[in-house]
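Working notes for the structure below.
Every read-out reported here was derived from the displayed coordinates using simple, explicitly stated rules and does not represent laboratory data. Only a predicted model underlies this, so the values are computations on that prediction, with no experimental measurement involved. Here the Cβ positions follow ideal geometry from the backbone for every residue, glycine too, while neighbour counts run over all protein chains shown.
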């Protein structure tokens, strides 16, 4: 056996994959990373890791990395390597040309939750202080904007109420629309530990995930609901709590708005939300709904953890409100072992939400329409700021197709692969006059870009991430940026080239600016994080080293009380019919990460070389489909091909796939329907038909008739 390489240097930093925020010691030899060792002092992972954080780091030095800036005048032209000065100057001049011709609101930007807090903050500053508008978005809206909207409405802050270790005090764990065993494995291990100690596990998910049933994790109850019926089922659980008087009246009278509670009781307590009504609509046993309500309300400590299976719906914000209502009604907030906790899919989704990368709020969730708030930012930045909320990314695409939006700066995002209704996205990208992409690879979006600024990976920069538990962790530079600059330095160059005097000596000065302008981050600094390891916001004079559990005394609302929101169930308009009789839903797998730009360029691809379509054996039999067959999957919006995987994890009528490989083109199928409040896309409900790739729809119809005749003979 070869002797292991002895590292000559190590740096403690934070994993950039999921929202757990694991700490690692990155070991290097001759300026190359040779190992990632889970850091025992990490407050989120305590020395544990998953296969992504431990092994999927080689992408940083992959041959596909872009090492020099590229420009082209037309997307039909070949790329030309240029100097940094020429690329920055060209991008700035194009943006200024477009604004001179079409107005200041004709351009905008999108940032990524793979980037640091400091970089996300700078991009929204670029848009507001330099471009002069509020056309800013971030992938955090695509996944968890309903969290901010729904939780702010009920409990005041759109963030996890607990720290991860709080689960060790839970008696009941309710997982809704999430699969922490694969999506957040280190937290999933903590959850399994508590289940082995005797906690009850309730899972509400259309699919029998690893969290429902695996070697070390078995759910007490699994509600395998029909995709799109979340709100109906959660309201039905609330119906049982109200009708059987399982709510915590003492908590509600002391901590909540009683009159709003009574109005809410009138809605969910009505007969239309009875389990006997909702159960058949959702495809689940009414008695199981009653059992879930009784177990959750009985606690005594019940904790809710949820994911994109709640948020990525046309009623995503309503679904989050349902969870807030449940926790308030049963008094499951404000102490260890309880709470409502979103499981964020990327390393800095929480930071992407907190730091002003949405078009209606500055950092700290403070509205651009508020004159006093706007004045504080104008005073710090030295320029007047627009008081009108800007465009979200889907609105930018629509405006591009109508000729009103002409230029976009994209940092770390790949909307062509990750956004819904891919054909619509591509048409919008093609219609723009200048797209500037800052990324480490030529991703799918690069096909429609005019300038490529080579970015830096999380292993090549200084900064911080905010994890799903509100924990701000340091990101430290392990190796030098392959293309010469950290991402924040590139944004500063662009700001200066566009005429705004921006200067920072280091990333720590950007966090200092964030702290000045964002109340929850008021006490954050590199000095604090380096001294104590990490801190959970709010971090201020009342909590100088951060806050583990929220809402212990009052809720961050004007009157200090939680409130109940009306959550009427409105079925999605994306429904099955004779032509599209199956419902497609999507999710993640353990070894891969989101659109796979990073993990596909590591050895982890051996574990998941391609996306497949899980289909129930009954649906496969009707269509003459066998395991491993190539399939045509068609929706109202497009068609793609995947291999079949016959599975008991999905019920008849439901199919499932992951979205980690660009060639799968999962978002060719998805619609541009979105959450009513936030435009979060409805990725989780798409009506489709599935046929063998060599068989047409007419043959499938004939096969259905044959099967029907066989079963009725």
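In the chain, the DSSP-assigned H stretches of four residues or longer account for a calculated mean residue ellipticity at 222 nm of -9500 deg cm²/dmol, using -39500 (n - 2.57) per stretch and the full residue count as denominator. Given contacts defined as C-alpha pairs under 8 Å and at least six residues apart, what's the relative contact order of the chain, whole-number percent? Relative contact order comes out at 19 percent. Relative intensity of region 385-425 on a log10 scale, I(q)/I(0) at q = 0.18, 0.22, 0.26, 0.32 Å⁻¹, equals -0.58, -0.83, -1.05, -1.24, per a Debye sum over C-alpha point scatterers of equal strength in the absence of solvent. Placing one identical point scatterer on every Cα of region 364-477 and ignoring solvent, what is log10 I(q)/I(0) from the Debye formula at q = 0.09, 0.15 Å⁻¹? Rounded to two decimals, the profile gives -0.36, -0.94. Extension gain for the segment residue 165 to residue 506, taken as residue separation times 0.36 nm less the Cα-Cα distance, is 119.5 nm to one decimal. Once the Kirkwood radius over Cα pairs is known for region 162-338, the Stokes-Einstein relation at 4 °C and 1.567 mPa s delivers a diffusion coefficient of 80 µm²/s. Across region 9-61, Cα-Cα distances exceeding 17 Å account for 27% of all pairs.
The ranking of 689, 249 from fewest to most other beta carbons within 10 Å of each one's beta carbon is 249, 689.
Cβ-Cβ distance of residue 388 and residue 5, R₀ of 60 Å, FRET efficiency by 1/(1 + (r/R0)^6): the value works out to about 0.60. Here the simple spin-label model places points 7 Å from the Cα toward Cβ, and for residue 30 and residue 68 these points are separated by 2.5 nm. Here the chain carries DSSP beta bridges of which approximately 55% are antiparallel, counting only pairs with both residues inside. In the distance distribution for region 478-576, Cα-Cα pairs more than 20 Å apart total 62 percent. Of interest is the spacing of the C-alpha centroids, which for region 145-183 and region 346-418 amounts to 25 Å.
Could you work out the relative contact order of region 368-478? I mean the mean sequence separation of Cα pairs under 8 Å and 6+ apart, divided by the number of residues, in percent.
Contact order relative to length: 17 percent.
Can you check how the C-alpha radius of gyration of region 1-98 compares to 2.2 N^0.38 Å, as a plain ratio? My calculation over the Cα atoms of region 1-98 gives 1.56. Averaged over residues, the count of other Cβ atoms within 10 Å places the peptides 208-219, 499-510, 439-450 in the sequence 439-450, 208-219, 499-510, highest first.
Once both labels are positioned 7 Å from their Cα atoms along Cα-to-Cβ, the gap between residue 431 and residue 215 label points is 5.3 nm. The calculated pair-distance distribution of region 100-216 uses every alpha carbon pair, bins of 10 angstrom beginning at 0, and gives 11, 29, 28, 17, 10, 4, 0 percent. Shape summary: region 57-149 maps onto an equivalent ellipsoid whose semi-axes, from the alpha-carbon gyration tensor, are 25, 23, 12 Å in decreasing order.
Translational diffusion coefficient of region 399-452 (Stokes-Einstein, Kirkwood radius from Cα pairs, 10 °C, 1.306 mPa s): 144 µm²/s.
Here is the P(r) of region 441-492: all C-alpha pair distances, binned every 10 Å from 0, give 23, 39, 31, 7 in whole percents.
Counting Cα-Cα pairs of region 329-400 in 10 Å increments starting at 0 gives whole-percent bin shares of 16, 31, 29, 18, 5. The alpha carbons of region 280-321 stretch over 30, 28, 14 Å along the principal axes, in descending order. Fully extending the segment from residue 75 to residue 694, taken as 0.36 nm per residue of separation minus the present Cα-Cα distance, adds 219.4 nm.
Restricting to region 162-338, what percent of DSSP beta bridges are antiparallel, rounded to 5?
The antiparallel proportion sits near 15 percent.
The fewest-to-most ranking of 549, 310, 186, 368 by surrounding Cβ atoms within 10 Å reads 549, 368, 186, 310. Note on region 488-548 and region 1-78: Cα centroid distance 23 Å, given to the nearest whole angstrom.
Each of 136, 5, 252 has some number of other Cβ atoms within 10 Å of its Cβ, and from fewest to most they run 5, 252, 136. Across region 9-61, the mean sequence separation of Cα contacts (distance under 8 Å, 6 or more residues apart), normalised by length, yields a relative contact order of 29 percent.
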